[in-house]
Amino acid sequence: MKKLLLLLAVALLNLTAFSQDHAKDSVWIRENYYKIERYIPMRDGVKLFTSIYIPKDSTTRHPILMTRTPYSCAPYGENAFNAYWDSYQREYFREGYIMVTQDVRGRWMSEGQFVDIRPFNPNKKTKRDIDESSDTYDTIDWLIRNISGNNGNVGVFGISYPGFYSNMAAASNHPALKAVSPQAPVTNWFIGDDFHHNGAFFAMDGFSFYSSFGKPRPAPTTVGPTGFDYYTHDNYKFYLETGALKNLAKLMGDSIAFWKDLYAHPNYDTWWKARDARNATRNLKPAMLWVGGLFDAEDCWGAWNAYKAAEQNNPGKSFNKIVEGPWYHVQWANRDGTHLGNIQFGSNTSEWFQKNMEIPFFNYFLEGKGDISAIAEANIFITGSNEWKSFGQWPPAAKQDKAMYLQPDGKLDWTRPTAAKSFSEYISDPAKPVPYTEDVHFNRTRSYMTDDQRFASRRPDVMVFQTDTLKEDLTVTGNVIADLMTSISTTDADFVVKIIDVFPDRLGYTDIDIYAESDPDKTYPMGGYQMLVRGEIFRGRYRKSYENPEPFSPGKVERVRFELPPIAHTFKKGHRLMVQVQSSWFPLADRNPQQFIDIYHCSDSDFKKATIHIYHDAVNSSSVILPVLP
Amino acid sequence: MKYLSFVLLLQASLILHGQALNEDSVFIRTHYSKREVYISMRDGVRLFTSIYEPRDKSQKYPFLIQRTPYGCAPYGATKFPSRRLGPNRQLMQEQYIFIYQDVRGRYMSQGAFQEMTPAIDKKTSKKDVDESSDTYDTVNWLLKNISNNNGRVGIYGISYPGFYATASLPQAHPAIKAVSPQAPVTDEFIGDDANHKGAFFLMDNFDFMNYFDSHRMGPVQDYGKSLFNTDYTDAYKFFLDLGPLRNSNGPLYFNNQGKIWNEYLAHDNYDDYWQKRNIRSHLKNIKPAVLVVGGWFDAEDMFGALRTYESIEEQNPQNNNRLVMGPWTHGAWSRMEWTKFGSHDFGQNTSGFYRDEIETKFFNYYLKDKGALNLPEAYIFETGSNEWKKYDDWPPRNSTPLPFYLRENKKLSRSQAQSSGFDEYVSDPDNPVPYVEGAYRRRRNEYMVDDQRFASKRPDVLTYQTDTLAFPITISGKIFADLFVSTTGTDADFVVKLIDVLPADEPDPVPNPQNLNMAGYQRLVRAEVIRGKFRNSFEKPSPFTPGRIEEVKFELPDAAHTFKKGHRIMIQLQSSWFPLVDRNPQKYLNIPNAESGDFQKSTIKIYHEQEHSSKIFLPILNQ
């Protein structure tokens, strides 16, 4: 989540082990740029604090590249420079860009009232009708009029929450705005980003983020909020012992407005719909480059779906493209894109993105320089085979959806099961929820998205289905549909479906000695590794509608069908494809009391065990529908 | 098990190639001469024996003998070991006549090998031989044929050689003055290696017998290959895929070529086969001084050390018998250094202390009349407080077994439940509880001290804990679990784990290479399994009646541990411990013959009510 971004920014500032080059860049930027800080007035009179880095070179005109952020444009002070030289963004300085960062309305040093994921207003009538889009419009307008030496072209980019503001910026359609790159944009906090996935509450991320980020800021300040003081750094223990969500709310206190909003809107109501950033994807004039990470634990959903909405809402638009790499949240902007957790990508995918996608994109649209013919409609990194692929559309035209059926005896294959009656059964016990990752730890890991799932396979409350050893490579590109036939003994349940690549027991794996397990601190046994390729959770009550949840009838067979975020992965010959099904994913997602009651206000005593059946017979067959690339 | 010492020997020869090693190697060559002989036993069988004699003939020396099934390598009168001779470097430098002998039927010795050779108390002819007689005959020959001996003999050995040390005690040759059985294999059905309380130690047995059970046509210096090749990285997966125990005799594995393996499978209760191999019943009229040594974290033969000492004590109250228990894995007391293990930091070199203050003094005193011996009856390292304690008895007289009751709401309490109640779980042989977190090929030694939070999170593990301790509690001695259970099946395993829960402010170590998260760490102190059908008798197993409440009471290996103020005492209960222990089909039958289809889920209830109060007795030390 965004908190991570903040931590990374701090980490970047603190990193000392930098080469001579970076020291030189630091000197170069200070010698060739000056920084000003300005309050830019919006149409309603509220002024937004803005840091502007301007090249001293006045022989040519320069484009403007802006990020709007709720995380502060620190360091404050016209003599305090952000450490751009520690990042690939030094390339924009070398290119002579005017670099702008703005505190969004109501955060840090800006005036006004902050509203979380402020709804986009397509019908602004008066100067009081403001939104993030109008704030961006007003800012751009001011910049091109007041910053001398600008070339009249503006770009906006940002990651995560700033990705949301980038999306809103695009919808401003200021004529000077030529190129926008929303990256891991927060898009829909009910369906798939950050706070909820398919209605299941991501309590751990939400709490750790909003216990500091959500605190009120009564007046402009350069000092950030303090975080929560946890009594234990074992997050599984903390959230289990805290128990029902209403207890978590007590710990949060009552000053955090958005937390109360969350509790007041358990379902996908008009409040949530107004906060869907896809509302701001119509009539987009700037060139759009959407960027996301296949293993982004926070906003994996946003990039894919905002891109898709922009495609649907802007038919014929010449430049609306997407890049998706094998990345954790923000990894594409970092130096090391070679691996995530135990999974190696075979090349520095982040550097490739920076050099071949983002920088050429802005240079072309803001300076008219270079060549963007290498940026395809969809530029996707395929894990497993570890290669970048270009597609003319996403999902690829050639993909074919094929159902992979869950079978009796833990098998998985392409043919529909034939047994007259067959199901797998497990007890989902809210007192012993399935951990989302193996190790005891405090902060939600980013590598859980590719972690070994063997620890889960060993549990009685995790159902495991796997194919025989694959005889040829199987490449899957696009959304996966989970289509479960289930019955439960209670009135609600969660369903987590995990798509897993099972590595061979013996395997030559890049740079890892799989038999060096005698020193487990240094290596990980990759033979038999169960790599999570995609996992997603669905809160069963929403199986027919996110707006109007419905209880299950105990014992009645029902369909639970939902979409997992897209995957781009090759299951290689000799590997196996595995599907795991479980009913908790803790403490990533809150526990379902397994009763059809208001989860945000129920009590500890409302949490019940449920016996869950997953059917795999001729009548009730469960499957995962895979978009197979021939 | 015996396996580890084999691996350790290999590793030692591979790893210990530092300065010290070269020094030792030079020392051996310059101070010792070597010869190899065959010594005839009373029945005519000849045992291969390597003899290392001090070159300095100005004084007489005692013998220190190790008898072993693992070979006397290096073979050849001109080949010298690259590591130390004898039990430790100090003793090597003191100079003894060091003897290594291949036991009957192993490596270069003649005769037929028997697993844990049954002892014969009353020998009626020269054909009645056992390890005691073989040791006797060997000592006899040595006294007569090796010049410059002082007429005294010491015997020592770790693990299987520890058994041979114990086995020398009954009817010992009068020249044998001092014997140190260390982690001695003692009873392989009740508590060592092959089985614990009738539960089959699958992973260790499988790996060890693949090596140890391979064949020889006659005396050999090298057995060559193991019986079969295995090729896996994740033991949990391998053994789960292997299926029922009977599949171990499939063509890819033992294929009925393992003699001992088949003996193990053929004897699935405490029958004559196992009873004959229980050396404890023969430990009478013991004359030599005895120093029994064991490790609190010995995954193989902790039982043997504790119960060998106990058995000698009970049957020979006058014998000069002592016990040393340290914070050691199998044989770790023989390492040059042992200061840390898992998340433990003992703050001192515990093996160095043992070597200098205990083992060296013991042999010097009894075999050379050298020095004073002020060893206590029991020299016990107390974990938690990390202190050596001296006791006049083991268990200490001032330790009292006190019940800690499993209570409602997962509490562990000194007071008994007044109401009725139970906790339940489903034990599923398809998803057995792992003995360790993570994927490993070999048995991970640290499992005995590892964080049990991975297990707490499972629905098939019950967890009970005390409140935060307001004052420290030290336990020293025997631990008993006394469970009242019912099951929907007709057999079940019960694993009881005693855990020290560290406080929320416990700091992580600095540096922290293992990436430990110590706050709230659930450190295993002691664990044991019983195969439920043996709850009333190991000789005569009996099925459970589904749904009927029955008592399952059993002993865990001893412990000496301080639960500090601010910690909690936790008990975990579960019905599998895989692949350490094979899966119980949860149906009353001959498990080595069970088929896949025999394995069934069971719902197991653990009762906490007045009539059926499940509890654990902890030996509380009054200080």
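Averaged over peptide A:228-235, how many Cβ atoms belonging to another chain are found within 10 Å of each residue's Cβ?
Rounded to a whole number, the mean comes out at 3.
With both bridge residues required to lie in chain A, what share of the DSSP beta bridges run antiparallel, to the nearest 5%?
About 70 percent, rounded to the nearest 5.
Mind checking the log10 I(q)/I(0) for region B:141-223 at q = 0.20, 0.22 Å⁻¹? Debye, one equal scatterer per Cα, no solvent, two decimals.
Values, matching the q order: -1.00, -1.05.
For region A:35-107 and region B:328-394, compute the distance between their C-alpha centroids and round to whole Å.
With region A:35-107 and region B:328-394 each reduced to a Cα centre, they are spaced 67 Å.
Assign unit charges at the C-beta atoms only (+1 for Lys and Arg, -1 for Asp and Glu), then state the dipole size of chain B relative to its Cα centre in Debye, rounded to the nearest 20.
1680 debye
Using only the Cα atoms of region A:339-420, what semi-axes does the equivalent ellipsoid have when each is the square root of 5 times a gyration tensor eigenvalue? Give whole Å, largest first.
39, 18, 8
Need one number: the % of Cα-Cα pairs in region A:547-630 sitting beyond the 21 Å mark.
The calculated P(r) of region A:547-630 puts 50 percent of pairs beyond 21 Å.
Can you give the mean number of other chain Cβ atoms that lie within 10 Å of the Cβ atoms in peptide A:420-429?
Per-residue shielding by partner chains comes out at 2.
Could you please tell me the mean projected area of the C-alpha convex hull for region A:89-205, averaged over all directions and given in square nanometres to one decimal?
The directionally averaged projection comes out at 9.0 nm².
Just order B:116-127, A:177-188 by mean Cβ neighbour count inside 10 Å, highest at the front, would you?
Averaged packing, sorted descending, gives the order A:177-188, B:116-127.
Based only on Cα atoms, what mean projected area does the convex hull of region A:405-469 have, in nm²?
6.1 nm²
Using only Cα atoms and rounding to the nearest 10 degrees, what angle (0 to 90) does helix A:20-32 make with the longest principal axis of chain A?
Between helix and principal axis, roughly 40 degrees.
With N set to the residue count of region B:419-563, report its C-alpha Rg divided by 2.2 N^0.38 Å to two decimal places.
Normalised Cα radius of gyration, region B:419-563: 1.18.
When only C-alpha pairs under 8 Å and at least 6 residues apart count, what is the relative contact order of chain A, in percent?
14 percent
What nm value, rounded to one decimal, do you get for the distance between A:TRP414 and B:ASN386 when each label is placed 7 Å out toward the C-beta?
6.1 nm
Tell me, B:ILE51, B:ILE65, B:ILE380 in order of fewest to most beta-carbon neighbours within 10 Å?
So the residues, fewest neighbours to most, are B:ILE51, B:ILE380, B:ILE65.
For chain A, what is the largest minus smallest coordinate of the Cα atoms on each principal axis, given in angstrom and ordered from greatest to least?
So the extents along the principal axes, rounded to whole Å, are 78, 52, 51.
Between B:ASN148 and A:ASN79, what is the label-to-label distance in nm when each label sits 7 Å out along the Cα-to-Cβ direction?
8.4 nm
So what's the angle, to the nearest 10 degrees on a 0 to 90 scale, between helix B:19-31 and the longest Cα principal axis of chain B?
Tilt of helix B:19-31: around 40 degrees.
May I ask you to derive the FRET efficiency for A:SER385 and B:LYS565 from their Cβ-Cβ distance with R0 = 60 Å, giving the value to the nearest 0.05?
0.60
Farthest toward the dipole's positive end in region B:446-535, which of B:THR468, B:VAL496, B:PHE534, given Cβ charges of +1 (Lys, Arg) and -1 (Asp, Glu) about the Cα centre?
B:PHE534
Give the percent of DSSP beta bridges with both residues in chain B that are antiparallel, rounded to the nearest 5.
Of those bridges, close to 70 percent are antiparallel.
Can you divide the C-alpha Rg of region A:168-252 by 2.2 N^0.38 Å and report the result to two decimal places?
1.46
How large are Rg and Dmax for the protein assembly as shown when calculated on the C-alpha trace, in angstrom?
Considering the protein assembly as shown through its Cα atoms, Rg and Dmax are 35.4, 116 Å.
Go through A:PRO122, A:VAL323, B:PRO74 and say which Cα lies farthest out towards the positive end of the charge dipole of the protein assembly as shown; charges sit on Cβ, +1 for Lys and Arg, -1 for Asp and Glu.
Selected residue: B:PRO74.
Run through all the Cα pairs of region B:280-416 and give the fraction in each 5 Å bin from 0, expressed as whole percent.
With 5 Å bins starting at 0, P(r) equals 2, 9, 16, 18, 18, 15, 10, 6, 3, 2, 1, 0, 0.
Given +1 on the Cβ of Lys and Arg, -1 on the Cβ of Asp and Glu, and no further charges, what dipole in debye does region B:405-468 carry about its Cα centre, rounded to the nearest 20?
Dipole magnitude for region B:405-468 comes out near 260 debye.
Enumerate the lysines that A:LYS369 could reach by cross-link, defined here as Cα to Cα under 16 Å, with residues fewer than 8 away along the same chain left out.
Cα-Cα hits under 16 Å: A:LYS178, A:LYS355.
Positive end of the charge dipole of region A:247-389 (Lys, Arg +1 and Asp, Glu -1 on Cβ, about the Cα centre): tell me which of A:GLY368, A:MET288, A:ALA274 has its Cα farthest that way.
Final value for the positive-end residue is A:ALA274.
Any idea how far the Cα center of region B:53-68 sits from the one of region B:255-281, in Å?
So the two Cα centres are separated by 37 Å.
In whole Hz, what ³J(HN,Hα) sequence does region B:371-380 give by Karplus (6.51, -1.76, 1.60; θ = phi - 60°), x for Gly and Pro?
x, 9, 10, 10, 6, x, 4, 10, 10, 10
Do me a favour and compute the ellipsoid semi-axes for region B:115-169 from its Cα gyration tensor, root of five times each eigenvalue, largest one first, whole Å.
21, 16, 7
Separation of region A:164-219 and region B:485-508 by C-alpha centroid, Å?
Measuring centre to centre over Cα atoms gives 44 Å.
Which of the peptides B:602-608, B:320-326 is most tightly packed, and how do the rest follow, judged by the mean count of other Cβ atoms within 10 Å per residue?
Ranking the peptides B:602-608, B:320-326 by packing returns B:320-326, B:602-608.
Averaged across B:427-435, how many Cβ atoms of other chains sit within 10 Å of each residue's Cβ atom?
3
Given that compact globular proteins tend to follow 2.2 N^0.38 Å, what is the ratio of the alpha-carbon Rg of region B:88-139 to that value?
For region B:88-139, the normalised Cα radius of gyration comes out at 1.44.
Which stretch or stretches of region A:38-64 have amide N atoms under 15 Å from the point lying 7 Å from A:LYS369's Cα along the Cα→Cβ direction?
A:55-64
Using r as the Cβ-Cβ distance of B:GLN315 and B:LEU252, and R0 as 35 Å, what FRET efficiency do you calculate, to the nearest 0.05?
Working from the Cβ atoms, E equals 0.15.
Along its three principal axes, how long is chain B when you only count alpha carbons? Whole Å, largest extent first please.
77, 53, 47 Å, listed from the longest principal axis down.
Restricting things to alpha carbons, find the Rg to Rh ratio for region B:440-525 using the Kirkwood radius for Rh.
Reported Rg/Rh (Cα atoms, Kirkwood Rh): 1.00.
Using a 7 Å offset from Cα along Cα-Cβ at A:ASN356, what residues in region A:285-329 end up with backbone N under 14 Å from the label point?
Counting only backbone N, you get A:323-326.
What is the angle, in °, between the Cα long axis of helix A:2-14 and the longest principal axis of the Cα atoms in chain A? Nearest 10 is fine, range 0 to 90.
It works out to around 60 degrees.
Output the peptides B:42-49, A:215-222, B:179-186 sorted from most to least packed, where packing is the average of other Cβ atoms within 10 Å over each peptide's residues.
Those peptides, ordered most packed to least, come out B:179-186, B:42-49, A:215-222.
At 0.36 nm per residue, minus the direct Cα-Cα distance, what do A:ILE597 and A:ASN32 gain on full extension? Give it in nm, one decimal, please.
197.2 nm
Taken together, the values in this text are just the output of simple stated rules run on the coordinates, not laboratory data. The shown structure was predicted, so the numbers you read here are calculated from the model rather than taken from an experiment. Quick reminder, even Gly has a Cβ in these numbers, built from the backbone with ideal geometry, and neighbours come from all protein chains shown.
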